[in-house]
Each structure stands twice: as C-alpha cells, then as structure tokens.
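For reference, the structure is listed below as structure tokens.
The values are calculated or read from the model by the stated rules, or taken from the named source; none is laboratory data. Predicted model only: the values in this text are computed from it and were never measured. Here the Cβ positions follow ideal geometry from the backbone for every residue, glycine too, while neighbour counts run over all protein chains shown.
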Amino acid sequence: MAAKFIDELKRTNNCGELTAKDIGKTVVLFGWVHNRRDHGGAVFIDLRDRAGLTQVVFEPRFDQKTHELAGELRLEYSVGIRGVVESRGANVNPKLKTGEIEIHATDLEIFNRSEPTPFLVEDKIDTDEQKRLAYRFIDLRRPAMQQALITRSRINQYTREYFAGHGFLELETPFLVKYTPGGARNFLVPSRLSPGKFYALAESPQLFKQLFMVAGFDRYFQIVRCFRDEDLRLDRQPEFTQIDVEMSFVNQDDIFSAIEGLIAKLWKELLGIELTLPLPRMEFDESMRRFGNDKPDLRFGLEHVDLTEVVRKHDGGGVPMLKDALQPGQIVKALRVPKEHPLSRKDLDDLEVEAKGNGAKGLARAKLGDTGEWTQSPMAKTITPELRLAINQACGAQPGDLILFQFGREALVHSVLANLRLSLGKRFGMIPPYGSGGQWRFLWVVNPPLFEYDEEAKTWVAAHHAFTRPHDDSVQYLETDPGKVKCYRYDLVLNGFEIGGGSIRLHKPDVQAKVFKALGIDEEQAKAKFGFLLDALKYGAPPHGGIALGMDRLAMLITGAASLRDVLAFPKTQKGTDLMTGAPGDVDGKQLAELNVKSTV
RNA sequence: GGGGUGGUAGUUAAGCUGGUUAUAACGUCGGCCUGUCACGCCGAAGGGCGCGGGUUCGAGUCCCGUCCACCCCGCCA
C-alpha cells in the first residue's frame, strides 16, 4: 500500500485494452470512477479513461486497507490502481470489450475527489444542452463526446497522411486579413497600430490559396479555421474548420478524383466502408428540378414534379391561381404523397403552417378519388377535367394518393417544396437511421449557372464568387445572356448536407474582366476589392482550381451526431455565445480607448 | 428581423380542464450487504416551478412582458 503512483508506478495499460490474454499480469491503470457497486465485502468499480472501461474489484483478501479506502470512492473520482488481471469466470460481461477480465486491486490512490457532477457522465441521459455547454469539461467526459473528438483527430491525421502521399504541401494563410464587402459578414478586429482601421477574420483562405498557385506551389492543402459572422444553424458555427485544397494544371475531374480518394480513405479507415468510386454526379439543373435545391438528400424519393408546362398547355385549366403562375419567372410544382403514407387533415394543416413559415402563401392539395377525381382541394371545383388528368398523369398519381402543390416565384417554390420534401421524408421514416446498412449517398452537383438574378437589386450577381471559370462554350453569353452561363463550380453533397464546394478558377484576366462587367463591377471597384489577385493573374497564373470540405460536417456525419456542436469541443450557442467562458464579454474602457473604438450601446 | 418548441429538486422528467403538505427515477447523505455490472435493501435531506408583472378567494397551470436554450425562414459556402 506504500506504492507511489505516477512517480514510481507508471501506467501500464489503458482501460479499454485488457482481455483474457492478459490474465495474470500486474497492471497499473489511471482514470475516473465511472460507476461503483459497493457490496460491503466487495467493491466493484468501472474505471474509465478515454479508451474504455475496466472493472476493478476491491476485496479485503487482496488488500485490507485498499478495500477500506475503496469504500470512499464516488463517481468521477480521479484514481490510480494497481492489481492483477483475473478472469471473470462465469461472470463475463459481454457488453464490455474488457468484459472477460477484471482487476483485483491491491493498491489504490485517490488523486482527487469529485463533487457530485452537475449531470451524470453517461450517454443515455439526454441532458439539456444548456447545462452541457455550461459544464463542457464534464460533458466532454461522456464516451460519445470522447469518440467524437477522437474521430476528429483521426480525420485530421488521415487527411494529412493522404495529402502528404499525393504531393500536397500544407501551407498556412493569415487569419487577420483585409475586410472586403460582400459575401459573408466578417468578424472585425480593430487595429491598435492603425487607428480607426480594422482587420477582418478570414472567412476562408480563398484568395491566398490561389496566390499559392500563382507562386507555383502547385498542390496545397490546409486544415484551417474559418470565421463567419452569420446566424447559426444546426450545421453552422461562427468558427469552423475547413479542409482547404487548391491544385494547379488540373481540370474538374482531377479535383474530383483527388477528393474522392480522400473521402474513400476516411470512410474506409473510420467506418470500415469501401465506397464505390467515382462518386455519382448530377447537373445542378437536374437537382433543382427533382429536389428543389442543390444539396439533395438522395436517401429517399418524394421527388418534385414540374407541372409548369402541363399547366401552360391547358392555360391554367380554369384555375386562376394556376394561370397566374404562368408569368415569367414563375413555376408550378407538385409532390406526390403515396397512399401508403396517409396524412390527416391536421397533418396537412401543420404542413401548411410549416410551408407558410418558409414563405409559402399556402399549400394547395388534392386527394385522388377512385376515378382520379380530386377531393379536399381548393381547385377541385374549377379545374378542367383535362388538366386534372394531365396533372395526375404527370405525377404518376393513383387513387388514394395526395398531391401537394406550390406555384409562384421559382426560387420560393423550390425552397418551400424542398423543405416540404425533407419534412415528409422524416415524418414518414424514410430516412434510414445512422448505422443501418450505411446509406451514404454522395453526390457531386455540377455545372451551375455562374450568375443569379437579384430580384431586389435588379442585377446579376455572382452565384458564388467572381473567380469561377465559365464553360468555354458559355463565355459567348457573358455579355448577351448572363443567365445562360454555366461554370466549373461543384458541390459535394452527402445525405442532404453540403460537405464541400469549390471551382475551377478564372486564370485569364480578359475573361475575368468580362465577368466583372456582367456583374456591373467597374475596374475601380474590382481593383479596390481584389487588386492583388487581379495583378497576380497577369503574371502567368496557371490554370487552377480547388475545393474546401467542411471538416466539422464530415465529422458530424461520420459519427452520426445530431448537430455540429456535438463534434466541436467548445461550440457556441445559437446566439454565438459561449456559455462556459461567457464570451463575448465586456471590455474595459482603457482597452477600447487604446483601440480607438467606442461602443454605442 | 420573423415563425415555432422548451425552461418544474443537482440531473432527467410527470403534473389533465387553476384547488389542501408539488410527484418519480437517477445522483447526494446515513445504515446493511462478497459477484455486481442500470447491483440490491432500509432510511434521510433537497425544489416552490427561468425572471417580472397581472387576473383570481386561490396560479407550474390563464394573460402580458422579459431572459435563456434549441429548430426553422431571412442571412450564409
């Protein structure tokens, strides 16, 4: 019992590795008391470290004093034990990896006692996230959180391995950069040395990695933190990690195969799953048509049906609201709900409320009777039998099915119906649960338009950023019909989440100038915003392109976590605060004065 | 900026249409127990229901405001 842990007795094993082959060994384990079962004459504890659990037994016959001390053990005490690995005989616990053995402890040191924790360190109880975030240091002890962070670490490790093996250089870029308007909001950092001026925290290394290509570094990657001062979501945090890649002398296919190699490695190493390569691709237009967005969840059907042309052929079929939707820029779409998934009146009302929350005016519906007639529909009385039949056919609707309609401005119809599809997919249990046969539905969404029309500003704006290369056969439309210009832009989608996006960049100044012109950006503006990059392109910039993968989202999907917060050690709340540290916080007047900053609140 | 959900012992929850001392489980404390692994048994302490107003004879329960968390739209790669 005079054993001196740590200084003399070093850890011999972790708590997740001892099995029957170790029986007879004397071992030293360190960890936390995960559970205790005190039978008086025999005390059992589950000792936990990040590797797992091992049962430790204290009995007077192993050591009298150690057994007495063990009676004082409580949850989350930090302890060291020494003992002999013994078989559990008939008492094997098949739920534990170490369940064949137990340690008969001869020595115990309580390094530190623990107050009762604010919540129990176990995975089963769904503790309020507010509490978890306030006591993150306790929350992170939970096996699920430990696994999530271990997975992150392994993603980083495999990513570095992969890129190093493929001739990439890991190069760093600045976080403190120049503010440029447009795009995501930036976090600003006041400059003490330049009174009244501000740095911005980089929202991505985009421009810098292109400069690496210009400089001839050829293949770059970085696992890099990025910052965006936008509202948070389940899958969006103000600071997040990106696996950032840029390559020279490549086309889109080269980028895809480089990234597919990484994805395949991660899935193999982390999940033991062999992905079939290449990953499937889909045209942006097709994705919009079938799913209403550019990040379709392919794990279930319920695809959209575009009825615009059908309705146009029948000139609205006697339904005024359908006829209204034939104006330019407007569309009519539907979603067929098969009769196997009946929806009650209340379900439909709920869905309508949800749709309205997404900006819809309403949610028109039609239920098919035995002969294809419509009931429960606001259009049933006025619609011509011909259009009704045509719609039924276009939707492939059978008696008992339900058709849900959206019509109006294209972007709105798409987003409302895309959300409706997801909502129904969840409601009908069509989304396979995590780990159930591994339905990993990857998709490259390719060839989107370079520009979007901004309804409010009445101008064309870059759908992503202004440095995406248009298709060569699209360049002719830059001046005449910008909406027709397709570009080398691509998103990697997994199960409805965008896990990456990138493009082949413009490397020729003359085409770049045309793009700026189409965007209504004059030379002066362009110079002010991107001067250094435009300059760089003039000096023999190589053809190049790249991509950034959302590392946090990858970790979330790989681990099956419900939110990005569950794969981040210290995440922010939806209001961007840190409940543990209290950030963001007040700053004293002296500090502000030094920075020449004054708060107006 | 907008819509929705939630906040009740340390924790997770129950508390229906407002009605006497606000329930339970886990945890905590005391006692017993040598084969448990969600150990068991006996006993105890612990909250006044996020906060502030209001309605009422009477408010976790109804109303108004407010704070916090979460989900979504807008926003955002």
Legend entry - Of the criteria (1) more than 10 Å from RNA strand B (Cβ to nearest atom); (2) over 17 Å from A:Asp46 (Cα atoms); (3) not β-branched (Val, Ile, Thr), which one A:Gly80 fails: (2)
Inset, instruction - Could you list, in sequence order, all residues of the range A:192-215 that are farther than 21 Å from A:Asn156 by Cα and touching a residue at least 60 places away in the same chain (Cβ under 8 Å)? - result: A:Arg192, A:Pro195, A:Gly196, A:Leu207, A:Gln210, A:Leu211, A:Met213, A:Val214
Inset, instruction - Tell me which residues, restricted to the range A:575-599, are exposed (fewer than 14 other Cβ atoms within 10 Å of the Cβ) and within 15 Å of RNA strand B (Cβ to nearest atom). - result: A:Lys575, A:Thr581, A:Gly582, A:Ala583, A:Pro584, A:Gly585, A:Asp586
Inset, instruction - Please note which strands (runs of 3 or more DSSP E) are completely contained in the range A:444-557 and include at least 2 residues that are within 11 Å of RNA strand B (Cβ to nearest atom) and charged (D, E, K, R). - result: A:451-454, A:489-494
Legend entry - Subset tally (residues that are surrounded by 13 or more Cβ atoms within 10 Å (Cβ to Cβ), touching a Lys or Arg at 6+ places or on another chain (Cβ under 9 Å) and not hydroxyl-bearing (Ser, Thr, Tyr)) for the range A:477-492: 4
Legend entry - Lone unmet requirement of (1) among the acidic types (Asp, Glu); (2) without any contact (Cβ under 8 Å) to a residue 40 or more places away in the chain; (3) farther than 16 Å from A:Glu109 by Cα for A:Glu8: (3)
Legend entry - Residue list for the range A:497-515, filter: touching a residue at least 24 places away in the same chain (Cβ under 8 Å), aliphatic (A, V, I, L, M) and out of contact with any Gly (no Cβ under 6 Å at 6 or more places or on another chain): A:Leu506, A:Val511, A:Val515
Legend entry - Every residue from the range A:561-574 that is in a helix (DSSP H, G or I) and within 12 Å of RNA strand B (Cβ to nearest atom): A:Leu564, A:Arg565, A:Asp566
Inset, instruction - Could you list all residues from the range A:516-554 that are under 20 Å from A:Thr459 (Cα atoms) and in contact with a Gly (Cβ under 8 Å, 6 or more places away or on another chain)? - result: A:Lys529
Inset, instruction - Name every residue in the range A:98-116 that is more than 7 Å from RNA strand B (Cβ to nearest atom) and loosely packed, with under 15 Cβ neighbours inside 10 Å, in order of residue number. - result: A:Phe111, A:Asn112, A:Arg113, A:Glu115
Inset, instruction - Determine whether the range A:422-429 contains at least one residue that is more than 16 Å from RNA strand B (Cβ to nearest atom) and of a type outside the set (A, V, I, L, M). - result: yes
Inset, instruction - All but one of (1) touching a residue at least 60 places away in the same chain (Cβ under 8 Å); (2) over 26 Å from the mean Cα position of the chain (by Cα); (3) loosely packed, with under 14 Cβ neighbours inside 10 Å hold for A:Lys381, so report the exception by its number. - result: (1)
Legend entry - When residues of the range A:503-560 are limited to those that are among the charged types (D, E, K, R) and under 25 Å from A:Tyr220 (Cβ atoms), the one modelled with the lowest pLDDT: A:Lys529
Legend entry - Residue that is surrounded by the fewest Cβ atoms within 10 Å (Cβ to Cβ), among those in the range A:331-374 that are within 21 Å of A:Leu412 (Cβ to Cβ) and of a type in the set (Asp, Glu): A:Asp349
Inset, instruction - For the range A:473-503, enumerate the residues that are more than 17 Å from A:Glu283 (Cα to Cα) and among the charged types (D, E, K, R). - result: A:Glu479, A:Asp481
